[in-house]
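None of the figures in this text is laboratory data; all of them are computed from the coordinates on show. Quick caveat: nothing in here was measured; it's all calculated off a predicted structure. Neighbour counts are summed over all protein chains in view; Cβ atoms, including those assigned to glycine, are modelled from backbone coordinates with ideal geometry.
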Ligand SMILES: C[S@@+](CC[C@H](N)C(=O)[O-])C[C@H]1O[C@@H](n2cnc3c(N)ncnc32)[C@H](O)[C@@H]1O
C-alpha cells in the first residue's frame, strides 16, 4: 500500500454541504469520499462531543492523509462507499454494539464524487493528460486493472462503448480503432502522453477551451473505477442506513453522475405502485427532495473545480411501522 499522503484539495460547496448534512450535533454521520478531509473536518467542527463521523475512501493515499485527524469521534475506512452498509455493520458488531442485529441509525451521508486535486496533480496516478506518466487511473491502487491494461486487452467495440457512453465522445469509434491499431502494431498505449496524442489525432474537431483528450480520459476513469455502478450502490446503501430525518447530500461533477442522483431521488420521492399487484398499497415515499445547490460566483472565481458541481439534498422520510419499504 502506498502511504504517501501529499497534496491539498479545496472542498467544493463546503458550507452548503455541511449545513445540509448535519442536523443533529450528536448524530452519526458518514463521509463516503474522504479525499483530503475538507468536508470531514467541517463536519467534525459542527458535531458535539457525542457525535461520530465514519469516513471512507478507496484511495490508500486519502486514507493515509486521514491519520492527521486526531479525534476520537472520527474513523477512516479503506473501502468503497458502495460497501458502506457492510463496513458499518462489521464495525458495529466488532464493537459489540450490534447484539440485537440493529445498526445505529445514520443521520447523514455525504458523497463528494469524482477525483481529488491530489489525484489529478500527482502525475504517477495517471489521471491527467497534462503530465506524461504510466496510464493507471485506479483510485484504489491496491487492486484492479489499470487503464493501460484495459486498453491492451479489451475488444474494440468495448473500448468504443466506454468512450462513447462515459465520455459522450462523438469520435469514440475512431479513437477505439486507433488504440487497437497501435496495439496490433506491437506498441500498445502505456502512458497518458501516448493516449493524449493518439486521441488528438483521432478527434477531428476541437471544443473551445477543452483538450481533445478530456472526454476519453473521463470515460476511462469512470470505467476503470466502476464509478457509476458504485454511485448506484452507494445511494441505495445510504437510503437503507439513513434514519428518518437523516440527510443524503451528494455533490456531482458531470451530467452522468448528476442524472443518476436526480433520478434516484425522484424515484424514491414518489409513491410507487407495484404493477404486479396494483391493488396493494403503494410503496411509500422514502425520500423528500430538498433541492439542488450550485456554487456561487465567489466560489467559482476562487476554485475552477467548482464549475461543474451540483449538490443535491434529500431527507429520509419516516415510514409508518409495518409498511413494506
Ligand atoms: C472529490 S474527492 C473528495 C474530497 C473531499 N470531500 C475533501 O473535502 O477533501 C473524491 C474522493 O472520493 C474518493 N472516491 C471516489 N469514488 C469512491 C468510492 N466509490 N468509494 C470511496 N471513495 C471514493 C476518491 O478517491 C477521492 O479521494
Taking a temperature of 20 °C and a viscosity of 1.002 mPa s, what whole-number D in µm²/s does Stokes-Einstein yield for the stretch 141-224 with Rh from Kirkwood over alpha carbon pairs? 169 µm²/s
Least to most buried among 109, 313, by other C-beta atoms within 10 Å and fewest first, runs 313, 109
Inter-label distance for residue 289 and residue 271, nm, one decimal - labels placed 7 Å from Cα along Cα-to-Cβ: 1.9 nm
Using helices alone, I'd like the mean residue ellipticity at 222 nm for the chain: each DSSP H run of four-plus residues gives -39500 (n - 2.57), total over residue count, nearest 500. -11500 deg cm²/dmol
Once the Cβ-Cβ distance between residue 301 and residue 207 is put in as r, and R0 is 30 Å, what FRET efficiency do you end up with, to the nearest 0.05? 0.85
With the 8 Å Cα cutoff and a minimum separation of six or more residues, the chain has a relative contact order in percent of 18 percent
Sequence gap at least 6, Cα distance under 8 Å: using those rules, report the relative contact order of the stretch 141-224 to the nearest whole percent. 38 percent
Antiparallel bridges, percent of DSSP beta bridges restricted to the chain (to nearest 5): 45 percent
Pairs of alpha carbons in the chain whose separation is greater than 27 Å (percent): 48 percent
Return 112, 31, 158, 258 ranked ascending by Cβ neighbour count within 10 Å, so the fewest neighbours appear first. 158, 258, 112, 31
Using Cβ contacts closer than 10 Å as the measure, can you line up 10, 141, 15 from fewest to most? 15, 10, 141
Using 0.36 nm per residue of separation minus the Cα-Cα distance, give me the extension gain between residue 75 and residue 156 in nm, one decimal. 24.9 nm
